[in-house]
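Participant: Take this structure, written in structure tokens, and hold onto it; I'll ask about it next.
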Amino acid sequence: MPQANAKIWDESGNIVIDTDPGTKLAFKALDTMFSQGMLLKSVIMEPALYDSIRNGEVATFYIGAFWDEFLRKNVSETSGQWRVMNAPVFKDIGVAGAPVSW
């Protein structure tokens, strides 16, 4: 969502998730990945997610705080297997980093 400059609320606090162009772009990308079977469906912050990480079924996280807070504490045996790389780029918006496995 950050790479698409997506917004849930506008500057006045109004909900714009259903009308914001960046959010529509991000959701379209997620829909494409979902329809192609590229997204892991797992309960977040539960043992099943950590097992998926251990099994190499998770390729990336966007949220660095999640990576630091939960992966380091709950899947310490993968230490050194994650690094920050360039995340996907949406045309005319820019790029950000994302922890990915390697």
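The values are calculated or read from the model by the stated rules, or taken from the named source; none is laboratory data. Predicted model only: the values in this text are computed from it and were never measured. A quick note on method: Cβ atoms are made from the backbone with ideal geometry, for glycine too, and the neighbour counts reach across all protein chains shown.
Participant: Give me the pairs: first residue in the stretch 73-91 and farther than 16 Å from Ser52 by Cβ, second residue at pLDDT 65 or above and in a strand (DSSP E or B), beta-carbon distance under 9 Å, and six or more apart or on different chains, which are they?
Facilitator: From the stretch 73-91, the pairs are Met85/Thr60; Ala87/Thr60.
Participant: Oh, and also: Among the residues of the stretch 19-48, count how many are of a type in the set (Ser, Thr, Tyr) and surrounded by 12 or more Cβ atoms within 10 Å (Cβ to Cβ).
Facilitator: 2
Participant: For residues in the stretch 1-54 being of a type in the set (Ser, Thr, Tyr) and under 25 Å from Ser76 (Cα atoms), which is modelled with the lowest pLDDT?
Facilitator: Per the criteria, the residue is Ser42.
Participant: Tell me which residues, restricted to the stretch 19-41, are more than 13 Å from the chain's Cα centre (by Cα) and not hydrophobic (A, V, I, L, M, F, W, C).
Facilitator: Thr19, Asp20, Pro21, Gly22, Thr23, Lys24, Lys28, Asp31, Thr32, Ser35, Gln36, Gly37
Participant: Determine whether the stretch 76-83 contains at least one residue that is at pLDDT below 70 and of a type outside the set (Gly, Ala, Ser).
Facilitator: Yes, the stretch 76-83 contains at least one residue that is at pLDDT below 70 and of a type outside the set (Gly, Ala, Ser).
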